[in-house]
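Taking it in order: structure first as structure tokens, then the write-up.
The values are calculated or read from the model by the stated rules, or taken from the named source; none is laboratory data. Everything quoted here is computed from the prediction, not taken from an experiment. So basically every Cβ, Gly included, is an ideal-geometry build from the backbone, and we count neighbours across all protein chains shown. The protein model used for the area step is the full one, side chains on, heavy atoms only, and it has no ligands, DNA or RNA in it. Shrake-Rupley method; radii C 1.70, N 1.55, O 1.52, S 1.80 Å.
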Amino acid sequence: MAMPMESPISFTNVGKIRWWQRGIFASQTGYVLLALAVLLVIMHFASPYFFTEGNMQNVAKNFSFIAIATLGVTFVIITGGIDLSVGSMMCFSAMITSMVMTELSAPGSPAGALFVHMAADGKTVIANVPGLILLISILAGLGVALIAGLVNGFCIAVLGLSPFVTTLGMLSIVRGLGYVVSNGRGSFPGGPDADRFYALTSGDVLGVPVPFIYLVVLALTMAVVLHHSAFGRHVFALGGNEKAAELTGIPVVRVKIEVYVICALAAGLQGIIISGWLGSAPANMATSYELNVIAAAVIGGANLAGGIGGPLGAIVGCVLLEVIRNGLVLAQVSSYWQQTLVGVIIILAVLVDRIRSRMS
Amino acid sequence: MAMPMESPISFTNVGKIRWWQRGIFASQTGYVLLALAVLLVIMHFASPYFFTEGNMQNVAKNFSFIAIATLGVTFVIITGGIDLSVGSMMCFSAMITSMVMTELSAPGSPAGALFVHMAADGKTVIANVPGLILLISILAGLGVALIAGLVNGFCIAVLGLSPFVTTLGMLSIVRGLGYVVSNGRGSFPGGPDADRFYALTSGDVLGVPVPFIYLVVLALTMAVVLHHSAFGRHVFALGGNEKAAELTGIPVVRVKIEVYVICALAAGLQGIIISGWLGSAPANMATSYELNVIAAAVIGGANLAGGIGGPLGAIVGCVLLEVIRNGLVLAQVSSYWQQTLVGVIIILAVLVDRIRSRMS
Amino acid sequence: MAKADATPVLELTGIGKEFGAIRALHGVDMQVMPGEVVGLMGDNGAGKSTLVKIIAGNFRPSHGEIRFAGNAVHFSRPVDARAVGIEVVYQDLALSDNLTAAANVFLGRELKRRFGPIALLDHKAMAARALELFGELRSETRPDDLVKQMSGGQRQAVAIARTRLSNARLVMMDEPTAAISVRQVEQVLGLIHRLKEQGVAVMLISHRMPDVFAVCDRVIVMRRGEKRADKPIHQTSPEEVTALITGAKEAA
Amino acid sequence: MAKADATPVLELTGIGKEFGAIRALHGVDMQVMPGEVVGLMGDNGAGKSTLVKIIAGNFRPSHGEIRFAGNAVHFSRPVDARAVGIEVVYQDLALSDNLTAAANVFLGRELKRRFGPIALLDHKAMAARALELFGELRSETRPDDLVKQMSGGQRQAVAIARTRLSNARLVMMDEPTAAISVRQVEQVLGLIHRLKEQGVAVMLISHRMPDVFAVCDRVIVMRRGEKRADKPIHQTSPEEVTALITGAKEAA
Amino acid sequence: ANYRFVIVPKAMNNPFFDFARDGCLKRAKELGNIECNYKGPVEHEPATQAQIIQDFVTQKVDGLAISVADVAAMTKSIEAATAAGIPVITFDADAPGSKRIAYIGTNNKEFGVALGKQLVKMRPDGGKYAMVSGGPGAKNLAERVDGVREALKGSKWTEVAGSPTFCNDDPALAVQQMTDMRTATPDLAAIVPIGGWPMFAPEGFKAFASRNKKDIDSGKFTLVVADTLKMQLELLRDGYANALVGQRPFEMGEKAMDTLLAIKKGEKVPEIVYTGLDLVTKDNVAQMLK
Ligand SMILES: Nc1ncnc2c1ncn2[C@@H]1O[C@H](COP(=O)(O)OP(=O)(O)OP(=O)(O)O)[C@@H](O)[C@H]1O
Ligand SMILES: Nc1ncnc2c1ncn2[C@@H]1O[C@H](COP(=O)(O)OP(=O)(O)OP(=O)(O)O)[C@@H](O)[C@H]1O
Ligand SMILES: O[C@@H]1[C@@H](O)[C@H](O)OC[C@H]1O
Ligand SMILES: [Mg+2]
Ligand SMILES: [Mg+2]
């Protein structure tokens, strides 16, 4: 029995949504972008060197250094969770990568024997397959991140622990393990693949720093995943109403575990890249970066209550933080005042978003 | 026209709630208390020094040092907010108190002339009214906390900014101002009232450390305010459903500002007490304490989503963190493993609460 | 019934409201007299709840003027509307899930006992009074239970009980009987009758035709944000109202 | 109508549920046949929604057994119940406020288009199908609007539209017509008729006596967690059911 | 007798203190009858350090060697420890005026002066310079800053606004700050980090130095850096810096054990032991690396 339609449903009281009423123009991200633009102009007048090519490259590199981790934590924030372990995770993955690289490259060691041998001159060390050591090292670094992410996800999704407490515990656990494995010393990338590693992490392609390229690729991927895949939709649904998501048959546990794993992997990758640039993975690397990373996401428009966020916002937040930092040094503001100004500018930047609410 | 009652409303399908099904026995706080008891037993076996009088005093003093700030932040958390500026606030209030105390006690200075003068021997400095300098100094320290709290509250309640971003900005602002006013050096209590100050902050009464006494008084007050005053009820209502609270005519803006002010004042008081015990208010004092303070509240059962929390939980959380810290040092666990164990124990402690959910 | 020459409790002129591109309300005029029960009907999305929220100070109108008891008013927050004597049962109930039923009923108007300079909550008195109010509604709702754990109808009873606390001059009920059971529906209709007798104006929003025809003096029909009809109840019929709601009949 | 000797779609034996000290359900037995429409009525707090949630895998029963299509089942999560063909319209609707109406309708069953190895969401197809479903319900609900911004009735339409996506064997509707307007009520009742014709079993929870008597084959009355009556609709009357609900009549 | 001594750094996350720890462990092993514990706050935070000291007082350890995070705060803690009969010495960062029995470490003022003098020696022509410091709270670092300024007073060197920057002991931040300062003042002629932080990130430091390589080689940009950890020496050897002035943390650790043991045995110990400074340039770097 098909229903006969009396009259087609029409929406006579609904007008056209103008372009400036939707999408980015109606979001916090858009308004923070506006604040950023204002800030750039101010910085330009504060220091003639701000807009030099060298400094722009520098800014691009520096913000890419926390932006990848910010992309990861944005997934978690959209589900309404939080991950405080990103800073420690960066350090630990970086450390494991360096340590494995060094270990596999030591001709004498048991593991090293499989990968390297002395050349005839008794000096040069040659790897079996070029790049193999590097690959294994990076996989090892990401592997530990994967495990930490799984543990976070398991505690939160399956055991139902609070994300704040769980990831705070993980912050401590992972940082401590970093001290344990390196005996407090941190570690350095070493061996025949170290140069290849440096090229992959701190080189540039046609003047564009490689971390920036990774960032762009990852951000685009994230945009597609969030808005055009079922997984992404479930991530948003979880943040909107977890109970409803559960009732409508979304695999809540799986999605939650996945976001914490993504976040840990992003942090791990971020740490590995930073250590390549530093040439070292010190045991105190990225200490308390978690606050910066989460702040960047939130400033860019992600909502800690869940349900809102995206890659563009994450990046805008990171750029804003880096421009403030870099700009204040360039403007030769006294170090004592710098910290105060950073705080003030952060608040002013998000305040711009209020213009939108007031206008509508 | 009064309605005739057909039959009195009765609840035949409702049994009696047994004592172990309600109140603390049915709360996370109760279960974390259980975890704490287990931990105490373990520590007793791990170190003979743990249950000595000296160490117990020590533990009591140390946890009181963050517990007052935790009480404050618990108010904020119950409304569904967060305050990341507590650590910086502690430092800044302490610093202002010391600086004012020193300034007012300097016989030569313009402000000092009003309060102190040289004795006949040209050496001893005498105050007009004993304790007046101390009072004014403490009020000055609390005064700056009040202002910071008002600014936080204003930005969050009136301008509608995110609590995370606002208080992160304030963290930076207040810490920076501490550097600015002390020229990076910090300050320490001085003058004729310094000894009185030390007695009030690090003395003991019949073997009980005074900070512990303050804590007990404040916690009891807080319990009464939360559960037996209209303000307390509104704090819970706000955390349960802010929209509904607004619709039912609760002065949401005022309540929000009040909780941020309470939180800042508690942090300020806490900082002043710590500086009395330290005998100094260094510029990097209490760096990153905010995470410990928030963690203590959350471990004790406060819910960052709002609507749940209380003084007992705040205290239990602080005791747990301090027992872990102190216990691991006493048990002579390697410093490098300590951090890892702290994380593991934090997670295990909240895990105990899951037993409850599973059981019911 | 209200006399024609009395001052209306509520008078709306040209009320309009846009949400971005959505015109939720457009040029709505209406008057409500003291002691009058007005039924507000209309299709889903017609703008009824939006109108209630505007009157209650929850949204500001994009256009138009509100007069309450003869004076122009501009409520900027719900508490302002409450202060002049407007009580509302919201469609989404506006309950704090983590509080008990009694606490919700008394939210913002807690009963207190003074102990010298301090006033503490009088839990017992509030629980007793709430039980009484639920009894009046014939609802088996336990005052000391958390609202989170309650059934849909129990929650609605809590929201309705709230309006009984103050001496309101206008009570607006947005689908108060949607979730409640047969006998409580009777009680709510009875309650509306009593309010009317006390000279309180009532605005009832409902999709239940029989309820509206049982208690209302006048019915207003909205369609896509506009007022399509405003008639004394005895000059219309359920059939006509249905036709107006669905748009089969354009106006009356 | 269902034949007596067919296997019941759903069979409950001795279902009980306690929440702490509250006995929400106690010893409930019932059977639902394919193509049968059963009305579940009862006072507020009688345990209707709790029963629905137990069948849907949202709570586990404290006592008793559930058989679905002849087999004992133990759903540990709602997705398990959905997998065997149970669709539910929850009383609180279970919508994600930050998603659009179309996204909510298709939540967990998104339509996709394959691009080589990857499958991306087919936004257009979902919006079109959702508009169609809302049209069937005669509801003016815009597929691309956020659910957060919708009126109570529009939200309910979204929740009802969901059940139309799959080939369910049992559809449970917990007060599906509470917030919707007259003409949509007709459509929902029409929908229930069509489901019945397709052999789908329907359980309708409602406080609206006329609706229950219009579509149900059988009515079950609950009171304080217990089943008080289970009768073919033509052997009872609205008056008797009302008496059973209020407790004026103990059982039938 | 078996003694349990504890060495308390300002912050465990600073690689500098790893050397003090290693020195301490080595010496403890050599001496045989003592145990060396290493424990401090993870981050540089004085209240936490004070709590840790108190825990050790409770445990009645046999001696404490502290790198003081805040002078006033430690003065009180040291008093408490002394009252409990535990001898206390300081290393790396001192608390003069407290009840500590001895200080073992660098004369920080002189350290600063040495850094400044090294700069003047290499570049008497002068120019603009900037400093990088760790945390604004640390007294030993403040003394170094004063020392540098004192040495450069009357020379042709002028300090730029915004100097010193504080990297909070974060190597990455230290490099970023150096980069930014050079961008802000393109004619900046020298940077003097008064601790080794930027070089603890060798590749980051290299990247920065490489970009300014031309200026470094032509003597237009000079890097005089404090501390002489191994990676720092390598960087100097490879031409990424002009000079290093180093302290001897390993020796600090060793001497701390000796001194505490001597105190326990009732011997008289000197109140101040300066462990000395190493001046390293291209000329002697190879030798230092051995
Ligand atoms: N906050 C909002 N933002 C955007 N649009 C909104 C908002 N609130 C309501 N609307 C829109 O305004 C229109 C009127 O909604 P309203 O809630 O007033 O309808 P209603 O008449 O109460 O319907 P119902 O009978 O379903 O409750 C709807 O189209 C709705 O989508
Ligand atoms: N999660 C819960 N925790 C504790 N008690 C609960 C919970 N859910 C329901 N209850 C209680 O169980 C009883 C039955 O509730 P239920 O929601 O099943 O009633 P209902 O028949 O659907 O009522 P209504 O017609 O009002 O929707 C009520 O007394 C309610 O307070
Ligand atoms: O001595 C210094 C130490 O105190 C600091 O914190 O780290 C670097 C060293 O130069
Ligand atoms: Mg409505
Ligand atoms: Mg129900």
Query - Relative contact order of chain D, defined on C-alpha pairs under 8 angstrom at six or more residues apart (%) - result: 25 percent
Report task. For the range E:124-160, state which residues have at least 50 Å² less accessible area in the presence of all protein chains than in their chain by itself, taking the probe as 1.4 Å and leaving out ligands, DNA and RNA. Result -> E:Pro136
**Report entry** Residue-normalised accessible area of chain C, expressed per residue, 1.4 Å probe, Å²
**Finding:** 36 Å²
Requested in this report: Kindly express, to the nearest 10 degrees and within the range 0 to 90, the angle between helix E:171-184's C-alpha long axis and the longest C-alpha principal axis of chain E.
Outcome: 30 degrees
Requested in this report: Would you be so kind as to list the residues of the range D:53-74 that have their accessible area lowered by at least 10 Å² in the full protein complex compared with their chain by itself (1.4 Å probe)?
Outcome: D:Asn58
Query raised in the report: At a 1.4 Å probe radius, carbon and sulfur cover how many percent of the accessible area of the protein assembly as shown?
Result: 60 percent
Report task. Work out the FRET efficiency for E:Asp187 and B:Leu159 from their Cβ-Cβ distance, taking R0 = 51 Å, and round it to the nearest 0.05. Result -> 0.70
Requested in this report: Quote the Stokes-Einstein diffusion coefficient, in whole µm² s⁻¹, for the range C:97-164, based on the Kirkwood radius over alpha carbon pairs, a temperature of 37 °C and a viscosity of 0.692 mPa s.
Outcome: 272 µm²/s
Requested in this report: Would you mind listing the distances between the D:Lys231 label point and the same position in each other copy? Use 7 Å along Cα-to-C-beta, nm, one decimal, shortest first.
Outcome: 3.8
Query raised in the report: Tell me, Kirkwood radius of the range E:156-290 from alpha-carbon pair distances, in Å?
Result: 16.5 Å
Report summary line: Residue-ordered couplings for the range B:252-267, obtained by feeding phi - 60° into the Karplus form 6.51 cos²θ - 1.76 cosθ + 1.60 and rounding to whole Hz (Gly and Pro as x), are 4, 4, 5, 4, 4, 4, 4, 5, 5, 5, 4, 4, 5, 5, 4, 5
Query raised in the report: What fraction, in whole percent, of alpha-carbon pairs in the protein assembly as shown exceed 64 Å separation?
Result: 21 percent
Report summary line: Rounded to the nearest 5, the percent of antiparallel DSSP beta bridges in chain D equals 60 percent
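Summing both sides, how much accessible area is buried between A and B? Use a 1.4 Å probe and give Å² to the nearest 100.
In total, this chain pair buries about 3600 Å².
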Requested in this report: Would you look at the GNM of chain A, springs on alpha carbons closer than 10 Å, and say which of A:Pro163, A:Pro211, A:Pro130 moves the most?
Outcome: A:Pro130
Report summary line: Note, C:Phe59: beta-carbon cut-off 10 Å, +1 each Lys/Arg, -1 each Asp/Glu, net +3
Requested in this report: With a 1.4 Å probe on protein heavy atoms only, work out how much accessible surface A and D bury together, total over both chains, in Å² to the nearest 100.
Outcome: 2900 Å²
**Report entry** Contact surface D-C: accessible area buried, both sides summed, square angstrom, 1.4 angstrom probe
**Finding:** 2400 Å²
Query raised in the report: So how far apart, in nm, are the two label points at C:Ala251 and C:Val73 if each is 7 Å from Cα heading toward Cβ?
Result: 2.8 nm
Report task. Post the alpha-carbon centroid distance, the range B:310-360 to the range B:139-181, in whole angstrom. Result -> 30 Å
Query raised in the report: Taking chain C as a Gaussian network, Cα atoms linked when under 10 Å apart, which of C:Arg224, C:Arg155, C:Arg194 shows the biggest mean-square fluctuation?
Result: C:Arg194
Requested in this report: Starting from the amide H of D:Arg218, placed 1.01 Å from N in the peptide plane, find each other amide H under 5 Å away whose residue is 5 or more places distant or on another chain.
Outcome: D:Val37, D:Gly39, D:Ile233
Query raised in the report: Considering chain B, what Rg and Dmax in Å follow from its alpha-carbon atoms?
Result: 23.2, 92
Requested in this report: Given the options B:Pro311, B:Pro282, B:Pro110, state which has the largest fluctuation in a GNM of chain B using a 10 Å cut-off (strictly under) for Cα springs.
Outcome: B:Pro110
Query raised in the report: Which whole-percent values make up P(r) of chain E when all C-alpha to C-alpha distances are grouped in 5 Å steps starting at zero?
Result: 1, 6, 13, 16, 18, 14, 11, 9, 6, 4, 2, 0, 0
Report summary line: Partner lysines whose C-alpha sits under 18 Å from that of E:Lys282, ignoring same-chain residues fewer than 8 away, are E:Lys117, E:Lys121, E:Lys206, E:Lys213, E:Lys214, E:Lys220, E:Lys230, E:Lys290
Requested in this report: Rounded to the nearest Å, what's the spacing between the alpha carbon centres of the range C:23-91 and the range B:59-80? Just the number, please.
Outcome: 44 Å
Report task. No other cysteine beta carbon under 4.7 Å away is the test; run it over the protein assembly as shown and list who passes. Result -> A:Cys91, A:Cys155, A:Cys263, A:Cys318, B:Cys91, B:Cys155, B:Cys263, B:Cys318, C:Cys216, D:Cys216, E:Cys167
Report summary line: Computed, not fitted: 222 nm per-residue ellipticity of chain A from DSSP H runs ≥ 4 (each -39500 (n - 2.57)), nearest 500, equal to -22000 deg cm²/dmol
Query raised in the report: Can you list the lysines whose alpha carbon sits under 19 Å from that of E:Lys60, skipping same-chain ones fewer than 8 residues off?
Result: B:Lys61, E:Lys39, E:Lys76, E:Lys99, E:Lys264, E:Lys265
Query - Pairwise centroid distance, computed over Cα atoms, of the range C:103-169 with the range D:231-248, Å - result: 32 Å
Report summary line: Averaged per residue, the 1.4 Å probe accessible area of the range E:1-148, protein heavy atoms only, in Å², is roughly 29 Å²
Report task. Run through the other copies and list how far each one's label point is from that of B:Leu139, in nm with one decimal, shortest first; the point sits 7 Å from Cα along Cα-Cβ. Result -> 7.0
Query raised in the report: Residues of the range C:123-155 losing 50 Å² or more of accessible area relative to the isolated chain, 1.4 Å probe, heavy atoms only?
Result: C:His123, C:Arg138, C:Glu140, C:Arg142
Report summary line: So the number of lysine pairs in chain D with alpha-carbon atoms under 15 angstrom apart, 8 or more residues apart or on different chains, is 8
Requested in this report: Provide the per-residue ³J(HN,Hα) series for the range C:15-22, in order, calculated from phi with Karplus coefficients 6.51, -1.76, 1.60 and θ = phi - 60°, each as a whole number of Hz, with x at glycine and proline positions.
Outcome: 5, x, 8, 10, 10, x, 8, 8
Query raised in the report: Of A:Ser27, A:Ser105, which has the most accessible area with a 1.4 Å probe, and how do the rest follow in descending order?
Result: A:Ser27, A:Ser105
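Pairs of alpha-carbon atoms within less than 8 angstrom and 6+ residues apart define the contacts here; what relative contact order does chain B have, in percent?
33 percent
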**Report entry** Sum of side-chain charges, E:Leu279 neighbourhood, beta-carbon under 11 Å (Lys, Arg +1; Asp, Glu -1)
**Finding:** 0
**Report entry** Zero-based 10 Å bins, Cα pair distances in chain D, whole percents
**Finding:** 7, 30, 35, 21, 6, 1, 0
Query raised in the report: Amide H neighbours of E:Trp157 under 5 Å, counting only residues 5+ apart in sequence or on other chains, H built in-plane at 1.01 Å?
Result: E:Gly127
**Report entry** Helix-only mean residue ellipticity at 222 nm for chain D, each DSSP H run of n ≥ 4 adding -39500 (n - 2.57), per residue, nearest 500
**Finding:** -9000 deg cm²/dmol
Query - the range C:239-246 - phi-based ³J(HN,Hα) in whole Hz, Karplus 6.51/-1.76/1.60, Gly and Pro as x - result: 5, 4, 4, 4, 4, 5, 5, 7
